[in-house]
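What follows is a short report on a single structure.
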Ligand code: 2BA
Ligand code: 2BA
């Protein structure tokens with residue numbers, strides 16, 4: 001068994017959830033916050049058999065897309081001078097950041 005952790009953009013999360021459910025994956029969806037942009041994203045926890053991992057990854061790829069997002073200028077008031085960004089910067093936020101972990105034990109009580 002593997003545990004898939006997938007951080008995706010909020011805009012893609014409902015479509016991805018529906019697609020995973022359509023394929024009978026068991027899923028838990030968490031509202032999360034990206035450390036860099038400090039804005040909301042969504043993390044999916046998917047526990048599945050090894051042979052279904054590739055299918056889950058394909059569904060994630062098919063339903064998530066990358067987008068450019070502007071990072072607002074950061075005021076020097078709020079932090080130290082190192083984190084000061086005087087102008088908006090565009091970053092490309094990926095469609096999905098995915099970790100696949102081995103599951104040592106799985107219980108349902
Ligand atoms: P839910 O996905 O909302 O599922 C609630 C209950 O509905 C499940 O209870 C199960 O009895 C049933 N169920 C879910 N998916 C089903 C399906 N495809 N076909 C038939 N019945 C289904 P639990 O199995 O005790 O799970 C409780 C919650 O634990 C789940 O809420 C989900 O958030 C999480 N979960 C369970 N297994 C998971 C897994 N393999 N990966 C990630 N999250 C899991
Ligand atoms: P955020 O941390 O809000 O990052 C959003 C985007 O900002 C990133 O997109 C990346 O393009 C850029 N970025 C992040 N940190 C940066 C830095 N130190 N310098 C310059 N640019 C930076 P993605 O890489 O596609 O990541 C999207 C979200 O996935 C992240 O949101 C974070 O929540 C999660 N993530 C990405 N890599 C991760 C990791 N190794 N561990 C845990 N979460 C991760």
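If you line up the long axis of helix 53-63 against the longest principal axis of the chain, both from Cα atoms, how many degrees apart are they, to the nearest 10? Long axis of 53-63 versus the principal axis of the chain: about 40 degrees. Of the residues 19, 96, 31, which exhibits the maximal mean-square fluctuation in a Gaussian network model of the chain defined by a 10 Å Cα contact cut-off? Top of the fluctuation ranking is 31. Rounded to the nearest whole angstrom, the semi-axes of the ellipsoid equivalent to the chain, taken from the Cα gyration tensor as √(5λ), stand at 33, 16, 11, largest first.
Residues 28, 97, 43, arranged from fewest to most other Cβ atoms within 10 angstrom of their Cβ, appear as 28, 97, 43. Among 70, 37, 17, which one shows the highest mean-square fluctuation when the chain is modelled as a Gaussian network with alpha-carbon springs under 10 Å? Result for the chain, Cα springs under 10 Å: 70 fluctuates most. As a length-normalised measure over Cα pairs under 8 Å and 6 or more apart, the relative contact order of the chain settles at 35 percent. Taking only Cα atoms, what is the 0 to 90° angle, nearest 10, from helix 10-22's long axis to the longest principal axis of the chain? Its long axis makes an angle of about 0 degrees.
Taking the fewest neighbouring Cβ atoms within 10 Å as the starting point, the ordered list for 38, 2 is 38, 2. If you run the Gaussian network model on the chain, springs between alpha carbon atoms under 10 Å, then out of 99, 44, 25 the most flexible one is 99.
Going by neighbour counts of Cβ atoms within 10 Å, the residues 1, 21 line up, fewest first, as 21, 1.
Every read-out reported here was derived from the displayed coordinates using simple, explicitly stated rules and does not represent laboratory data. The structure presented is a predicted model; accordingly, all values stated were derived computationally and were not measured. A quick note on method: Cβ atoms are made from the backbone with ideal geometry, for glycine too, and the neighbour counts reach across all protein chains shown.
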